[in-house]
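A.B. asks: Pasting a structure below so you can have a look.
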Amino acid sequence: MNTRRDFLSKLAVSATMPAIWCGNAFAQTPPPPVKLTEADPMAVALGYKEDTTKVDAVKYPLHKPEQKCNSCALYTGKAGDATGPCAAFAGKLVTEAGWCSVWAKKPDPVKP
């Protein structure tokens, strides 16, 4: 024998299933990454420069000219690309020849 409770539970399940099935159809994709500018507040806070040769040596005395984004552990761009993503600036692209104060040397590959 069907009860009101059985009816209501079946109604709840049947009402939510289309929403679950169609949920992916309306999912939003993240916006494409944009290039980081030196005027961006986060870039200013971390001393980001698009060209490592233009870093203020007085303000950042530990900076060395060979330190570039493409040799940083936080840079995840492909070798040879002009720009690439950086973990320090989520969702933004940095220049391969850039630099910021959180630069950290990329670890050497492990030899087998």
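Only the coordinates and a few stated rules stand behind these numbers; no lab work does. These numbers were taken from a predicted model, which means no experiment stands behind them. Cβ sites come from the backbone with ideal geometry, for glycine too, and all protein chains shown count toward neighbours.
A.B. asks: In nm, to one decimal, how far is the Ser9 label point from the Thr29 one, both placed 7 Å along Cα→Cβ?
C.D. replies: Once both label points are built, they end up 4.2 nm from each other.
A.B. asks: If I stretch the segment between Glu38 and Asp108 completely, what's the gain in nm (0.36 nm per residue apart, minus their alpha carbon distance), one decimal?
C.D. replies: Taking Glu38 through Asp108 to full extension adds about 22.3 nm, to one decimal.
A.B. asks: If you don't mind, another one. Under a cut-off of 15 Å between alpha-carbon atoms, report the aspartates and glutamates in cross-link reach of Lys54, not counting same-chain residues fewer than 8 places apart.
C.D. replies: Within the straight-line limit of under 15 Å, Lys54 reaches these aspartates and glutamates: Glu38, Glu66, Glu96.
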